[in-house]
Amino acid sequence: MERKLTTKTIVITGMFAAVIAVLAQIAIPMPSGVPITLQTFAIALTGAVLGARLGTAATGIYILLGAVGVPVFSNFTGGLAIIAGKTGGFIWGFLFLALLCGAGATLKNKPLGVAAGLIGLIACHLLGTLQFSFLTGMNFPESALLVSVPYLPKDILSLILAYALGLQIRKQLLRAAILPPQAPKKAPL
Ligand SMILES: O=C(O)CCCC[C@@H]1SC[C@@H]2NC(=O)N[C@@H]21
């Protein structure tokens, strides 16, 4: 099935990039340099509402805006230095989070959908911890204990809430034809 990019699709994708930028500002700075933020909630919501393709696109737009210096990252920061810095691995990781939350949202099996999102969250935390560890010279387990493990309960809860809320919003947007209809699944051969 050919998927056309309509004006509605482009607008809703851009709107979710803006939602991520706004929720990124609800952030509590931490001594490690990795703040507690609502970005994981925002990205998971974006994936759950828009699906894998558009959700990853919205997240990509958000990252590109930040990369060129628009202050959309946490605490109104932006620029390549942030992407190359202590929190940069998490920012790259948001792409996997959006992709897997988006893929999960289109699955009929809800627990499996949440599990897909959790794999995306783990990928995001792994990338974030690896880059943090590389830049600080701290070993991986120590880095994980500092910048990943304490954030996980909040991020897992955020993901579940975003999935539940996102599916409701997605249903409404599909009904209003604001989102393109889901491609029918191919019958197995
Ligand atoms: O500089 C940025 O904008 C990125 C900040 C990344 C914060 C990470 S995302 C995963 C984990 N959960 C949080 O609440 N904070 C960290």
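The values are calculated or read from the model by the stated rules, or taken from the named source; none is laboratory data. Since the structure is predicted, the reported quantities are computational estimates derived from the model, not experimental observations. Using ideal geometry, Cβ is built from the backbone for each residue, glycine included, and neighbour counts are taken over all protein chains shown.
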Within the bounds of region 112-134, is there any residue that is hydroxyl-bearing (Ser, Thr, Tyr), near the ligand (Cβ under 10 Å from one of its atoms), part of a helix (DSSP H, G or I) and in contact with a strand residue (DSSP E or B) (Cβ under 6 Å, 6 or more places away or on another chain)?
-> no
Please work out which one of (1) assigned to a helix (DSSP H, G or I); (2) closer than 15 Å to Pro71 by Cα is the condition Thr13 fails and give its number.
-> (2)
Run down Gly51, Gly66, Gly47 and say which single residue is surrounded by 15 or more Cβ atoms within 10 Å (Cβ to Cβ), under 26 Å from Thr129 (Cβ atoms), more than 10 Å from the ligand (Cβ to nearest atom) and among the small types (Gly, Ala, Ser).
-> Gly47
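The rows are residues; the columns are (1) under 15 Å from Ser158 (Cβ atoms); (2) hydrophobic (A, V, I, L, M, F, W, C).
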residue: Val11; (1), (2): no, yes
residue: Ile28; (1), (2): yes, yes
residue: Gln39; (1), (2): yes, no
residue: Tyr62; (1), (2): no, no
residue: Leu65; (1), (2): no, yes
Please verify whether region 73-94 includes one or more residues that are surrounded by 22 or more Cβ atoms within 10 Å (Cβ to Cβ), closer than 19 Å to Ala21 by Cα and free of Cβ contacts under 8 Å to residues at least 40 places away in the same chain.
-> yes
Among the candidates Leu179, Leu99, Leu167, residue that is modelled with pLDDT under 95 and under 17 Å from Leu50 (Cβ atoms) = Leu179
Condition test on Gln168, is it away from the ligand (no atom under 11 Å from the Cβ), within 19 Å of the chain's Cα centre (by Cα) and free of Cβ contacts under 8 Å to residues at least 24 places away in the same chain?
-> yes
Which pairs have Cβ atoms under 7 Å, sit 6 or more apart or on different chains, and link a residue in region 140-157 that is in a helix (DSSP H, G or I) to one that is within 10 Å of the ligand (Cβ to nearest atom) and among the aromatic types (Phe, Trp, Tyr)?
-> Ser143/Phe132; Val147/Phe132
Do we find that Ile91 is more than 10 Å from the ligand (Cβ to nearest atom) and part of a helix (DSSP H, G or I) in this structure?
-> no
Candidate set: region 125-178, residues that are of a type in the set (Ser, Thr, Tyr) and in contact with a helix residue (DSSP H, G or I) (Cβ under 6 Å, 6 or more places away or on another chain); chosen: the one nearest to Phe90 (Cα to Cα) = Thr129
